[in-house]
1. Condition (residue is in a strand (DSSP E or B), assigned by TED's automatic domain parsing to the domain that holds residue 339, in contact with a helix residue (DSSP H, G or I) (Cβ under 6 Å, 6 or more places away or on another chain) and closer than 14 Å to residue 280 by Cβ) applied to segment 406-421: is it met by at least one residue?
2. Check whether at least one residue in segment 214-236 is over 30 Å from residue 97 (Cβ atoms) and at pLDDT 90 or above, and report yes or no.
3. Among the residues in segment 70-79, are any without any contact (Cβ under 8 Å) to a residue 40 or more places away in the chain and either in a helix (DSSP H, G or I) or buried (at least 22 other Cβ atoms within 10 Å of the Cβ) (or both)?
4. So which residues in segment 390-405 are at pLDDT 80 or above and part of a strand (DSSP E or B)?
5. Name, by its number, the condition in (1) at pLDDT below 85; (2) assigned to a helix (DSSP H, G or I); (3) closer than 20 Å to residue 259 by Cβ that does not hold for residue 3.
6. Out of 201, 212, I need the residue that is surrounded by fewer than 18 Cβ atoms within 10 Å (Cβ to Cβ), within 22 Å of the chain's Cα centre (by Cα), in the same structural domain as residue 60 (by TED's automatic domain parsing) and under 27 Å from residue 17 (Cβ atoms). Which one?
């Protein structure tokens, strides 16, 4: 990652500022000199420009939303809602082009853009406020109802517009510069400007190009909101705000496309998601006898053996809420309480380990000549976040808790589960047998480890 404040050289910052100021100057000139604000009525161009902006925004909304769900990141979720709101209402505005869906002017579709930008600015502003801690958890916990309400508003607006129900039944176009349009446009622009300022601040702190692109897009959308409220249809100034929206979303898509695939939107993560310390449970498992098996069998047989095992054991891990962090040859590392809030993470890890053990045993019964798994679980504090550079990044867990989990796994009896004393204390109803004490380089004393045989409630 670049040093804070180093993502844009001074000359680049000046160029960006001039580029963002140019549309404002152009709008002022066009509105001040109506004679050069030429009229060009070309409905196909209108349809395709608006539809392109809508599709780009929709793809961004879906992509950012997928990352938000994977990382349980409130900021990502709110940004995705902003993009989705923009995409939906831009799509409705594209349909307002005469001859596409409706034969004449439709008030609901015509004013869909300022309405959509207003909703989008509200989500963007929400994403720009400090969200770490309880606020972020509140948003993530209510992501489904928030998303449902947004889609409900979109569907109701579309249906109301098509039915031409009051107050959207007036066939006369809404006049630019009217109190209604100004009441929509200027608060929207103010919200986007605040968002842009907040995102530029965070971008400077992190040295993040994607944050710069999004902040610039908020500026362009603010300019679009002002232009949409003041310009007359089919004039050059009117075409300008359509182009600004397409450029805004296109710029974000361009920069995002250049980011590492695995963590494309990691620049947007909240601080506690980017890197923070939290209590986690880590499960390690590998195959005893894998090296000898690999030396005695062709690579295809080794691959088929691993795939057979992993296809059998991983459903139990995922059913318990585990996140597969990585595969390391024949080994697999699974984490709990990392991407989502799981207060019962130790219990989940224990259940996953027992399910893993049982599924692996069933495979071993069918293939007695195959190596067998052993599993280890540890619970404790770890650093969670993004590691890597501008070309490759991954979201992982680091620290002594991970190292101890791997060490405990190496001491587990073949076909069994070994857990640390910290995991045993955190799991109610654990049926365990002591495996003795161990010496760890990173620990003072000799902590005890345990073989986990069962959980009381699994017999219910």
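1. yes
2. Yes, there is a match, as at least one residue in segment 214-236 is over 30 Å from residue 97 (Cβ atoms) and at pLDDT 90 or above.
3. No; the residues of segment 70-79 include none that is without any contact (Cβ under 8 Å) to a residue 40 or more places away in the chain and either in a helix (DSSP H, G or I) or buried (at least 22 other Cβ atoms within 10 Å of the Cβ) (or both).
4. Within segment 390-405, 395, 396, 397, 398 meet the criteria.
5. The number of the failed condition is (2).
6. When all the criteria are applied, what remains is 201.
Yes/no per residue for (1) touching a strand residue (DSSP E or B) at 6+ places or on another chain (Cβ under 8 Å); (2) touching a residue at least 60 places away in the same chain (Cβ under 8 Å); (3) assigned by TED's automatic domain parsing to the domain that holds residue 193:
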site	(1), (2), (3)
234	yes, yes, yes
240	no, yes, yes
245	no, yes, yes
249	no, yes, yes
258	no, no, yes
261	no, no, yes
264	no, yes, yes
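Listed here are the residues, each with its yes/no results for (1) in a helix (DSSP H, G or I); (2) within 17 Å of residue 83 (Cβ to Cβ); (3) free of Cβ contacts under 8 Å to residues at least 24 places away in the same chain; (4) in contact with a helix residue (DSSP H, G or I) (Cβ under 6 Å, 6 or more places away or on another chain).
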position	(1), (2), (3), (4)
183	yes, no, yes, no
190	yes, no, no, no
193	yes, no, no, yes
201	yes, no, yes, no
204	yes, no, no, no
214	yes, yes, no, yes
277	no, no, no, no
283	no, no, no, yes
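The values are calculated or read from the model by the stated rules, or taken from the named source; none is laboratory data. Note that the coordinates shown come from a computational prediction; the quantities given were computed from them, not determined experimentally. A quick note on method: Cβ atoms are made from the backbone with ideal geometry, for glycine too, and the neighbour counts reach across all protein chains shown.
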